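To start, the structure under review is shown below, and the notes come after it.
FYI, it's all coordinate maths here, none of it is from the lab. Small disclaimer: the values here were computed from a predicted structure and weren't measured. Using ideal geometry, Cβ is built from the backbone for each residue, glycine included, and neighbour counts are taken over all protein chains shown.
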Amino acid sequence: MKFETLKWVGGTDGCLELIDQRRLPGELVHLQCRTPDQLYDAICTLAVRGAPAIGVAAAYGVCIAMQTAPREMTAALAHLHAAAGYLARSRPTAVNLFWALDRMKAVGRRFASDNTVADSTALSDALLLEAHAVCQEDKDMCKAIGVHGQTIIKEGAGILTHCNAGALATAGQGTALSPMYEAHASGRRFCVYVDETRPLLQGARLTAWELTQAGIDTTLICDNMAAVLMKQGKISAIITGADRIAANGDAANKIGTFGLSILAAHHGIPFYIAAPSSTFDPGVASGDDIPIEERAADEVTGAADRRTAPQGIKVYNPAFDVTDATHITAIITEKGIIEKPNAERIARRLHDA
């Protein structure tokens with residue numbers, strides 16, 4: 001990729017540098033987070049977004065917090081857990097956030113059981129190494145998802161995607177977009193239709209920007225145009241990402257994804273989810289148990305700083321919906337493709353791999 005969505009700058013006293021996605025596509029601006037509060041705000045306001053990227057950012061957020069930790073080990077460990085708890089409240093749906101923070105807390109538990117460590121310096125060093133590992137693993141998982149998933153993109157295909165599950169949503173080259181990047185690199189010719197993705201236009205602002213930067217044939221459509229394209233036979237497959245996948249394969253993704261799965265089933269079009277193993281939540285039996293974030297009304301009542309709805313109107317603004325596993329043709333992971341996903345197939349694939 002020609003850009004890095006996020007990166008750590010410096011050593012344990014460094015900072016997290018992010019592309020400020022609120023400013024795209026008009027400006028490519030980098031934001032430096034030097035305090036947990038700055039990162040919390042960046043996650044809440046979608047300066048950084050996408051389940052894998054949020055997880056990586058949160059891991060580095062713990063490292064930022066440790067810069068002001070007490071040197072005494074017991075107090076430092078309490079500081080670590082408080083920081084992780086604070087960052088965990090930034091967004092409720094994307095499970096990668098909690099997965100990454102659990103990994104950082106596990107480092108703390110190892111140090112808590114070692115009575116030979118006198119102060120928090122070694123703990124901070126170990127936490128930064130773990131955050132780097134989380135970041136590198138995400139890059140590797142994205143690449144592997146692309147390698148596995150590119151096989152479903154045939155010469156001359158028309159692919160529909162929703163929201164942004166590309167490099168801007170990860171530390172690597174993305175999840176849903178990764179198969180497209182791999183197919184494009186192999187010389188395959190195909191086109192991608194990008195839903196604008198109301199209300200915050202992540203498709204129009206981010207995915208369309210990413211794909212055109214990569215030289216991929218891209219067409220932007222309004223969300224309500226997808227059904228017509230399917231009826232016209234222009235869509236060969238749909239590939240989206242996911243923010244949390246339940247044990248049975250139900251997948252939470254950006255609002256509007258569920259509707260696309262219904263349309264795909266009606267038109268006989270394969271519907272794929274692309275996500276790393278860190279997005280699976282075995283502790284959640286089905287999509288009914290996935291918490292759905294509801295966001296502010298002003299995201300719906302206006303656009304581009306201009307109000308488009310009457311004052312006082314009631315607004316319902318869930319950020320995500322849940323697609324039933326029965327509507328998912330396959331889930332593309334770094335460990336392979338899970339056809340007709342259900343609890344048994346998912347557990348077997350993730351365990352065997």
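Summary table below
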| item | result |
| --- | --- |
| Proximal charge balance of GLY336 [Cβ under 10 Å; K/R count +1, D/E count -1] | -1 |
| Most to least packed among 131-140, 71-80 [average Cβ atoms within 10 Å] | 131-140, 71-80 |
| Shape of the range 213-353, Cα gyration tensor, a/c cut at 1.5 | oblate |
| Residues of type aspartates and glutamates that LYS234 reaches as a straight line, Cα spacing below 16 Å, ignoring anything fewer than 8 places off in the same chain | GLU155, ASP195, ASP217, ASP223 |
| Helix axis angle, 343-352 relative to the chain longest principal axis, alpha carbon, degrees | 60 degrees |
| Among beta bridges that DSSP assigns inside the chain, antiparallel share in %, nearest 5 | 55 percent |
| Pairwise FRET efficiency - ARG307 versus ALA78, Cβ, R0 = 51 Å, nearest 0.05 | 0.65 |
| Gained length - HIS30 relative to LYS340, 0.36 nm times residue gap less alpha-carbon distance | 107.5 nm |
| Spin-label model distance (nm) - ASP102 vs GLN213, 7 Å beyond Cα toward Cβ | 3.1 nm |
| Sites matching trypsin sites (Lys or Arg not before Pro) across the range 1-65 that sit in DSSP coil, with at most 12 neighbouring C-beta atoms within 10 Å | LYS2 |
| Anchor LYS340: lysines whose Cα lies under 22 Å away (excluding residues fewer than 8 positions away in-chain) | LYS154, LYS254 |
| Segment ILE221-ARG71, extension gain: residue separation times 0.36 nm, minus the distance between their alpha carbons | 48.6 nm |
| Local electrostatic count, ALA325, Cβ distance below 15 Å [Lys/Arg +1, Asp/Glu -1] | -3 |
| Computed E for ALA112/VAL228 - FRET, C-beta separation, R0 41 angstrom, nearest 0.05 | 0.10 |
| For the chain, convex hull volume per residue from C-alpha positions, Å³ | 138 Å³ |
| Dipole axis of the chain (+1 Lys, Arg; -1 Asp, Glu on Cβ), positive-most option in THR151, MET66, GLY249 | THR151 |
| Low-density loop positions, GluC sites (Glu not before Pro), the range 1-36 - DSSP coil, at most 10 other Cβ in 10 Å | GLU27 |
| Net lengthening on full extension, ALA88/VAL147 (0.36 nm per residue, minus Cα-Cα) | 18.1 nm |
| Computed magnitude of the charge dipole of the chain (debye, nearest 20; Cβ of K, R +1, Cβ of D, E -1) | 600 debye |
| Net charge of neighbours whose Cβ lies under 12 Å from the Cβ of GLU17, counting Lys and Arg as +1 and Asp and Glu as -1 | 0 |
